[in-house]
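Everything on this sheet refers to the single structure shown next.
Values in this text are rule-based calculations from the coordinates and carry no lab data. Keep in mind that what you see is a predicted model, and the values were worked out from it rather than measured. Heads up, the Cβs are rebuilt from the backbone with ideal geometry, glycines too, and the neighbour counts pull from every protein chain shown.
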Amino acid sequence: MALFLGGITVGYAWVVARHLRDDARDTSRLLGRVFAGLNDPRPDAATDALLDLAAQVRGLGIPIAVTDTAGRISAMANAPLAPNADSVTLRRWITQLDAVNTPIVQPGVGTIHYGPLPAARRFTVLAVLEGAVFLCLALLAVWAYRSQVAAARDRLWVAMARESAHQLGTPLMSLTGWIAYLRENPGTPVGELADHLEADAERLERVAKRFERIGRPVRREPVGLGALAERVVSYFRPRMPTLASPVTLTLVATGPGPTALGDPVLVEWALEAVIKNAIDALSGRGGRIDVTVDALGAVARMSVHDDGPGLSPEIRGRLFEPGATTKAGGWGIGLALARRIVEQQHGGRLSYHPAPDGPGSVFVLEFPLAPSPGPGTRGLGPV
């Protein structure tokens, strides 16, 4: 389609250039005839020049009609009418000429009515054709954009369903295991059982709160990122592989701070998604994941550094798009969801950098720092 539009544009330009060249040649020829007639000493030379000029004008193909001061047709040329056309038909044709061009009034002679050049029709056809092709291209672009948005929406819905199943799967499997354990050991102490069931119930409650917050206005409150990272790391540590391809997870944070403004439930979810991505990068090979919490200027940061294979340049450009993944069977929702939480809902920034000291990846989550408490205000503890 684009090649077709380009061909029409080139053809249009070629036709215009050719018409301008022919017009310049014909105009020069007319002027030459006029000057030749004016400079001819013969008595009838001027009359011959005018007749020749009239013949040249007729040869241009311009439809012309001349009416005298009384409105009667005294001359016409290039009329698309039968030789025996009646006066009503002639008047209708003159009206059509006047609708195209304003007639020229010559005092004492009459009025000249003229239509468009024949080449103008070709220009009009080419312009209409080019406009039609452009309109088709615009409609095609709109259709492609809407299809892309619909496909992205579908991928997001599927990925969110997958993420929901994943988030609910761990505590549900744990509850199922405890039910089987109770059936096999009916005399299990209630206190020990209650602790485990309470942990699974808290996990289910956190999952419910996370999905409840998506799409709602963000609750802004002080969040101690050090304490929050400690909770997330403590959740992952017991679940790290320790025998085949072990993964070490460490945390570097100075106390419960720095304190950022945000929704602790969603911030925790974003950090979990980034750490889970690092764990997947080390799957089958083992390695080390370092989580660092600090502040730089007016920004609170959480960095997740793994020593995995890193990312290829092909995947970096669409890393945070829904569906982008290097994991076989992966859905590519974790990082897309984390970026939405950090950037769209908290006004922060989630970025990727290659590891500075070798293979690996570094993801940095940045949030605006909470304002410092004024004099006489109690400091904020960890969330």
**Study point:** Between the range 181-210 and the range 335-374, the Cα center-to-center distance that results, in Å
**Key:** 34 Å
Check your understanding: Gain in length, Thr89 to Val105, computed as 0.36 nm per residue apart minus the alpha-carbon separation, to one decimal in nm?
Key -> 3.6 nm
**Study point:** Amide hydrogen neighbours beyond the local backbone of Arg288, cut-off 5 Å, H modeled
**Key:** Thr248, Asp307
Review point. Would you list Trp143, Trp93 from fewest to most Cβ contacts within 10 Å?
Key: Trp143, Trp93
Check your understanding: Could you work out Rg/(2.2 N^0.38 Å) for the range 203-283, with Rg from alpha carbons only?
Key -> 1.20
Check your understanding: Cα extents of the range 219-368 along the three principal axes, largest first, in whole Å?
Key -> 39, 32, 27
Check your understanding: Arranged by the count of other C-beta atoms within 10 angstrom, fewest first, what order do Val274, Val105, Val299 take?
Key -> Val105, Val299, Val274
Revision key, fill the gap. Ranked from fewest to most other Cβ atoms within 10 Å of their own Cβ, Glu268, Glu202 fall in the order Glu202, Glu268
Point to revise | Segment Arg21-Leu139, length gained on full extension (0.36 nm per residue, minus Cα span) | key: 38.8 nm
Point to revise | Estimated FRET transfer efficiency (Thr188, Asp280; beta-carbon r; R0 45 Å; 0.05) | key: 0.80
Review point. What residues have an amide H closer than 5 Å to that of Ile333, excluding those fewer than 5 places away on the same chain, when H is modeled at 1.01 Å from N in the peptide plane?
Key: Gly323
